[in-house]
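Novice: Got a structure for you, questions after.
The values are calculated or read from the model by the stated rules, or taken from the named source; none is laboratory data. From a predicted model like this one, the values you see are computed outputs, not experimental measurements. Note: ideal-geometry Cβ built from the backbone for every residue, glycine included; neighbour counts use all protein chains shown. Just the protein is used for accessible areas: all its heavy atoms, side chains included, with ligands, DNA and RNA removed. Shrake-Rupley method; radii C 1.70, N 1.55, O 1.52, S 1.80 Å.
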Number of protein chains: 2
Amino acid sequence: MTILGVVTEYNPFHNGHLHHLEESRKKAKADLTIAVMSGTFLQRGEPALMPKWERARMALAAGADLVAELPYAFSSQKASTFANGAVSILEALGADYLCFGSEDGEIAPFLRTAEQLKKHEEAYSQRIKEWMKEGMSYPRALSLAFKEVSGEGDGGLADLSKPNNILGFQYISSICEQESRMVPLTIKRTAAGYHDTELPSGRIASATSLRKSIFSGDGLTGIHSYVPPGVYGIMQDWVQSGLPLMNWDRFFSSLQYTVLSMTADELSMIYEVEEGLENRIRTSIRGASSFQEFMERLKTKRYTWTRLQRMCVHVLTRTTKQEMQEAVNRERAPYIRILGMNEAGQRHLAAIKKTSTLPLVVNPRSFNHPALTLDLRAADIYAMGFPGSLRPERLRAEYATPPVRI
Amino acid sequence: MTILGVVTEYNPFHNGHLHHLEESRKKAKADLTIAVMSGTFLQRGEPALMPKWERARMALAAGADLVAELPYAFSSQKASTFANGAVSILEALGADYLCFGSEDGEIAPFLRTAEQLKKHEEAYSQRIKEWMKEGMSYPRALSLAFKEVSGEGDGGLADLSKPNNILGFQYISSICEQESRMVPLTIKRTAAGYHDTELPSGRIASATSLRKSIFSGDGLTGIHSYVPPGVYGIMQDWVQSGLPLMNWDRFFSSLQYTVLSMTADELSMIYEVEEGLENRIRTSIRGASSFQEFMERLKTKRYTWTRLQRMCVHVLTRTTKQEMQEAVNRERAPYIRILGMNEAGQRHLAAIKKTSTLPLVVNPRSFNHPALTLDLRAADIYAMGFPGSLRPERLRAEYATPPVRI
């Protein structure tokens, strides 16, 4: 049996994801597809539009066989840690291929790039450090350092200035580093740019532009043609039950409150609050009436918007540097939580359960790990995005919801 | 010049307070009246209905000449600490008399009681400790222990089972302990009981019943006949400007969020979180959709509702045991912040400024004390009760608002 692994956030699942799933399956000639998916808070430093269980249901509806959660300690992280967590889970679940979407769409340049960087490893990381010391943002330093070590006119390498290429390259690095037996594949991303915020005319739009459309006041109506009908139905049910779609606005009060309640020293102990950012956060939040306004006050050239949003997630969940260090530990996910499966997925799970290198967490109360502690706290905090009357139920959900089965 | 001191919360100022002010002034033959008033969070463990500046304006409108703030470290506290803070401020402001309202209305029984307790001090505190070990609430243990040491049939003592008598007695204890030169006086409280929650038919109702009427949906209309016209005007202006009247409901989300974000260990470091209450708080808050529901889940025989509400205030402001210890220190207020004054009050302030035993805090940014840190944090957290768009202005108010002058 050939098993395909994909790394996802599905926020929300859209036609571009469907395209990627289907093409990846073809490319890998896969019999089974496993998706690793971010849980409550995502790589861009945002709360998930809908809870992980509903997003797992979308993935299953669109053809995934098994959906596992990427723990908080890896999901709200820079690309390398995000990739390390995802790769370690796919490997433990027995995936043969990891297929990612990229702007380049060819795997050879990525492999050549990995080789090239391996050769110049020291010079590369040295340059990144130097650029960052000069106040450059991490992605920009990465891209410049890469240009330097890859040499003038040396063709055939991946273009690491593009966001999906960067992330894809991280998967390959993780596979190498973890000596995973997975084979990396890539699919060319269609039309929609990762950072697009306007809805295009076709049937494929970026998740960013879909979220923008939803929160512009149109709700779900504007996104109808960009998501598979099954997914649209899940979202429609959610909204028609009076449940909210989440964004930072629903958490801004809690963020503001928590910053006001912390001393600068406490704030500086939070993960990703570096180099005096604690004072900038404190000043910026006092004058802001919304998350957007706060972020605009907070933003500097030194840090990307995404990096700062991730930091805000850690402030919101009050995740300290020490807690994160213990949770991430060896840059491998320490357990697997299954969010959903169909029959094929269930059979596969039963088959590999005994030999898997990572423990399966079925009941989170009876498992103990610093990373799980962060997952549970993140889920609690995520419940604060719901109206007060729904919170008791949402606070139980994290413990009481069994994996979604279709 | 004869100076009267009164200890107040004015939440809101009502006809009973007016009666007390006028009668006290007569009794003391006072030329000047100084009110010490709780700031943002009150002795019962509740947020103040309106900010301290507006409540100071009410006091001035009703005849007080000078209003000083009782710092957070003393206002959200058991009666003895509350009294110690208030007495030390009045003493430093040069008051000759402290006149309190009581059910008894005669000062002699209080003085006899103080003498009696002084005599049996050891046995008294021993008995209180014993009763509390057996699971009794503090006020009940106090009352029973007092009955014991005061002896059978020994008449002429104050009835320390009544709430205003208890508080009044604490003022006398504080005066003795601090060797204050203030002379205690008392006025008999009229009709309304301290704990009444229904509006009576006269023109005097308890602050509790006024707040209840306001939040029952009637807004200000129901309380019109129970507050002086000047005060009613201040409240009406407030509400008509679209500003909210505060109660715990406006802070429940923040309270719930903060408990969810804290470990049991962190919670147990909060002031007044004793004897495993941290676990009870964590469990109770997960299932509650409102502050009332949370309190009902939290309540046990061992602790009074008020004691638990005060603890909730400290959880909300994340005030630790250590912070409170440093703030309260020698059970004396460490500074004076003036909330409001008329011309007479201002003249008096100018006259005693140089000789006052406590520093006057004019600009809170240029004064440093653990108690002031708590005041400023409490004020920040209080701003969270306002809608998001008003918060930036409310967060500035604590630093930018000069004393009210009429």
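Novice: Inspect all residues belonging to the range B:12-22 and state whether any of them is in contact with a helix residue (DSSP H, G or I) (Cβ under 6 Å, 6 or more places away or on another chain) and surrounded by 23 or more Cβ atoms within 10 Å (Cβ to Cβ).
Specialist: Going through the range B:12-22, the residues in contact with a helix residue (DSSP H, G or I) (Cβ under 6 Å, 6 or more places away or on another chain) turn out to be B:13-15.
With the extra rule that they be surrounded by 23 or more Cβ atoms within 10 Å (Cβ to Cβ), the set shrinks to B:13-14.
The answer is yes; a qualifying residue exists.
Novice: Does at least one position in the range B:36-45 carry a residue that is closer than 30 Å to residue B:137 by Cα, aromatic (Phe, Trp, Tyr) and in contact with a Gly (Cβ under 7 Å, 6 or more places away or on another chain)?
Specialist: The first filter runs over the range B:36-45 and keeps only residues closer than 30 Å to residue B:137 by Cα, leaving B:36-45.
Next, from what is left, pick out any that are aromatic (Phe, Trp, Tyr): B:41.
Next, from what is left, pick out any that are in contact with a Gly (Cβ under 7 Å, 6 or more places away or on another chain): none.
No: zero hits.
Novice: Here is a follow-up. Residue A:221: hydroxyl-bearing (Ser, Thr, Tyr) and farther than 21 Å from residue A:311 by Cα, yes or no? Step through it out loud before you land on a result.
Specialist: On the way: hydroxyl-bearing (Ser, Thr, Tyr): yes; farther than 21 Å from residue A:311 by Cα: yes.
So residue A:221 passes the test.
Novice: Another question, if that's okay. For the range A:86-105, how many residues are farther than 19 Å from residue A:31 by Cβ and part of a strand (DSSP E or B)?
Specialist: Matching residues across the range A:86-105 total 3.
Novice: In addition: Using the structure shown, decide if residue B:225 is over 20 Å from the mean Cα position of the chain (by Cα), more than 30 Å from residue A:397 (Cα to Cα), at pLDDT below 95 and not assigned by TED's automatic domain parsing to the domain that holds residue B:50. Step through it out loud before you land on a result.
Specialist: Details: over 20 Å from the mean Cα position of the chain (by Cα): yes; more than 30 Å from residue A:397 (Cα to Cα): yes; at pLDDT below 95: yes; not assigned by TED's automatic domain parsing to the domain that holds residue B:50: yes.
So residue B:225 passes the test.
Novice: Residue B:10: among the hydroxyl-bearing types (Ser, Thr, Tyr) and on the phi > 0 side of the Ramachandran plot, yes or no? Give the derivation first.
Specialist: Details: among the hydroxyl-bearing types (Ser, Thr, Tyr): yes; on the phi > 0 side of the Ramachandran plot: yes.
Against the criterion (among the hydroxyl-bearing types (Ser, Thr, Tyr) and on the phi > 0 side of the Ramachandran plot), residue B:10 qualifies.
Novice: Could I ask something else about it? Against the conditions (1) modelled with pLDDT under 95; (2) buried (at least 21 other Cβ atoms within 10 Å of the Cβ), where does residue B:318 fall short? Just the number, please.
Specialist: (1)
Novice: Do the conditions hold for residue B:86, that is, is it under 14 Å from the mean Cα position of the chain (by Cα), open to solvent by less than 10 Å² (accessible area, probe 1.4 Å), aliphatic (A, V, I, L, M) and closer than 10 Å to residue B:36 by Cβ? Let's see the steps before the verdict.
Specialist: On the way: under 14 Å from the mean Cα position of the chain (by Cα): yes; open to solvent by less than 10 Å² (accessible area, probe 1.4 Å): yes; aliphatic (A, V, I, L, M): yes; closer than 10 Å to residue B:36 by Cβ: yes.
In short, yes.
Novice: Let me ask something else. Could you please tell me which pairs satisfy a Cβ distance under 8 Å, a separation of 6+ or placement on different chains, a first residue in the range A:347-365 that is within 19 Å of residue A:397 (Cα to Cα), and a second residue that is open to solvent by 100 Å² or more (accessible area, probe 1.4 Å) and outside any helix (DSSP H, G or I)?
Specialist: A:360/A:353
Novice: Looking at the range B:274-287, which of the residues that are under 20 Å from residue B:138 (Cβ atoms) and not in a helix (DSSP H, G or I) is nearest to the chain's Cα centre (by Cα)?
Specialist: So in the range B:274-287, the residues under 20 Å from residue B:138 (Cβ atoms) come out as B:274-278, B:280-281.
Restricting the remaining residues to those that are not in a helix (DSSP H, G or I) gives B:274-276.
On the way: B:274: 22, B:275: 25, B:276: 27 Å.
Only one residue tops the list, namely B:274.
Novice: Another question, if that's okay. Give the residues of the range A:23-48 that are of a type in the set (A, V, I, L, M) and either free of Cβ contacts under 8 Å to residues at least 40 places away in the same chain or surrounded by fewer than 24 Cβ atoms within 10 Å (Cβ to Cβ) (or both), sorted by residue number. Before you say what the answer is, go through the steps one by one.
Specialist: We begin by selecting, within the range A:23-48, every residue of a type in the set (A, V, I, L, M); these are A:28, A:30, A:32, A:34-37, A:42, A:48.
Across the range A:23-48, the qualifying residues are A:28, A:30, A:32, A:35, A:42.
Table: residues versus (1) of a type in the set (A, V, I, L, M); (2) in contact with a Leu (Cβ under 8 Å, 6 or more places away or on another chain); (3) open to solvent by 10 Å² or more (accessible area, probe 1.4 Å).
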position: A:251; (1), (2), (3): no, yes, no
position: A:272; (1), (2), (3): no, no, yes
position: A:288; (1), (2), (3): yes, no, no
position: A:292; (1), (2), (3): no, no, yes
position: A:295; (1), (2), (3): yes, yes, no
position: A:308; (1), (2), (3): yes, yes, no
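Residues checked against (1) under 18 Å from residue A:81 (Cβ atoms); (2) surrounded by fewer than 18 Cβ atoms within 10 Å (Cβ to Cβ); (3) within 23 Å of the chain's Cα centre (by Cα); (4) assigned by TED's automatic domain parsing to the domain that holds residue A:7:
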site: A:133; (1), (2), (3), (4): no, yes, no, no
site: A:139; (1), (2), (3), (4): yes, yes, yes, no
site: A:157; (1), (2), (3), (4): no, no, no, no
site: A:164; (1), (2), (3), (4): yes, no, yes, no
site: A:168; (1), (2), (3), (4): yes, no, yes, no
site: A:171; (1), (2), (3), (4): yes, no, yes, no
site: A:174; (1), (2), (3), (4): yes, no, yes, no
site: A:178; (1), (2), (3), (4): yes, yes, yes, no
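Novice: Any residue that is touching a Phe, Trp or Tyr at 6+ places or on another chain (Cβ under 9 Å), farther than 30 Å from residue B:1 by Cβ and not assigned by TED's automatic domain parsing to the domain that holds residue B:311 - is there at least one of those in the range B:54-70?
Specialist: No, every residue in the range B:54-70 fails to be touching a Phe, Trp or Tyr at 6+ places or on another chain (Cβ under 9 Å), farther than 30 Å from residue B:1 by Cβ and not assigned by TED's automatic domain parsing to the domain that holds residue B:311.
Novice: For the range A:359-406, how many residues meet the condition of being away from chain B (no Cβ under 14 Å) and of a type in the set (Ser, Thr, Tyr)? Show your work before the answer.
Specialist: Going through the range A:359-406, the residues away from chain B (no Cβ under 14 Å) turn out to be A:359-364, A:366-367, A:369, A:371, A:401-406.
Among the residues that remain, those that are also of a type in the set (Ser, Thr, Tyr) are: A:366, A:401.
Looking only at that region, the number is 2.
Novice: If residue B:302 satisfies all but one of (1) within 14 Å of chain A (Cβ to nearest Cβ); (2) in contact (Cβ under 8 Å) with a residue 60 or more places away in the chain, what's the number of the condition it fails?
Specialist: It fails just one condition, (1).
Novice: Considering only the range A:238-262, how many residues are touching an Asp or Glu at 6+ places or on another chain (Cβ under 9 Å), of a type outside the set (Phe, Trp, Tyr), more than 13 Å from every other protein chain (Cβ to nearest Cβ) and not in a loop (DSSP other than H, G, I, E, B)?
Specialist: Residues in the range A:238-262 being touching an Asp or Glu at 6+ places or on another chain (Cβ under 9 Å), of a type outside the set (Phe, Trp, Tyr), more than 13 Å from every other protein chain (Cβ to nearest Cβ) and not in a loop (DSSP other than H, G, I, E, B): 0 in total.
Novice: Could I ask something else about it? Give, as residue ranges, the helices (runs of 4 or more DSSP H) completely inside the range B:1-85 that count at least 2 residues that are of a type outside the set (S, T, N, Q) and within 17 Å of residue B:404 (Cα to Cα).
Specialist: Values: elements: B:15-28, B:52-61, B:72-75.
Fully inside the range B:1-85 and qualifying: B:52-61.
Novice: Right, next: Kindly evaluate residue A:352 against the criterion of being of a type in the set (A, V, I, L, M) and surrounded by 18 or more Cβ atoms within 10 Å (Cβ to Cβ).
Specialist: Details: of a type in the set (A, V, I, L, M): yes; surrounded by 18 or more Cβ atoms within 10 Å (Cβ to Cβ): no.
When the stated conditions are applied, residue A:352 does not pass them.
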